[in-house]
Amino acid sequence: MQTTKLITAILAAAALTLGAQTVQASTAVARRPVASRTSTSQATEKAEVRRVRGEVTAVEPSANPMTLTMKTKEGKEELTVGVDVTGKTIIREGKTRKTLSDIRVGDRVWMKYERTDGKLVADYVRILKPAHVAAKSPSSKESY
């Protein structure tokens, strides 16, 4: 009987010791600075991602790199955002895939872009429906 109690006590002490070591190891990983957990290429290529909505003021599909410029409001301030459009940029109108040459000056767009290595590059451009088409006018209803 004494032997059983002794073995149980030894097993319990071993389990507590292993559990404590596991907690210490996971705490040490959690306390390590975030930069040391990421690779060096990720740390140096930190990109700033922005999303804006506005009106297109210029489209240059023949430029190298292709560019899109738009006017937007951020708070009370009006901003002009010019971005490079690459082969990786996704341009859509609804579910239809479009190209930069399909965008016209005056179109309303929503855009997601990022600043990488000092350049603004568009990731995604969505051509929005014109305001006058989006809302049905009451004059279009027929009366009987």
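The values are calculated or read from the model by the stated rules, or taken from the named source; none is laboratory data. The structure presented is a predicted model; accordingly, all values stated were derived computationally and were not measured. No Cβ is skipped: glycine too gets one built from the backbone with ideal geometry, and neighbour counts run over all protein chains shown.
The residues of region 71-96 that are within 13 Å of residue 128 (Cα to Cα) and part of a strand (DSSP E or B), listed by number, are 91, 92, 93, 96. Mind checking which residues of region 82-111 are among the basic types (Lys, Arg) and under 17 Å from residue 71 (Cβ atoms)? 104, 108, listed by residue number.
Can you tell me which residue within region 77-99, out of those that are in contact with a Ser or Thr (Cβ under 8 Å, 6 or more places away or on another chain) and not hydroxyl-bearing (Ser, Thr, Tyr), is surrounded by the most Cβ atoms within 10 Å (Cβ to Cβ)? Filtering region 77-99 for residues that are in contact with a Ser or Thr (Cβ under 8 Å, 6 or more places away or on another chain) and not hydroxyl-bearing (Ser, Thr, Tyr), the one surrounded by the most Cβ atoms within 10 Å (Cβ to Cβ) comes out as 83.
Within region 59-76, restricting attention to residues that are surrounded by 14 or more Cβ atoms within 10 Å (Cβ to Cβ) and of a type outside the set (D, E, K, R), which residue is nearest to residue 87 (Cα to Cα)? This residue is 66.
For region 44-74, the set of residues classified as among the small types (Gly, Ala, Ser) and under 15 Å from the mean Cα position of the chain (by Cα) consists of 47 only.
Can you tell me how many residues within region 100-117 are aliphatic (A, V, I, L, M) and within 12 Å of the chain's Cα centre (by Cα)? So the answer is 1.
For region 100-141, the candidate set comprises residues that are exposed (fewer than 13 other Cβ atoms within 10 Å of the Cβ) and of a type in the set (D, E, K, R); within that set, the residue that is modelled with the highest pLDDT is 104.
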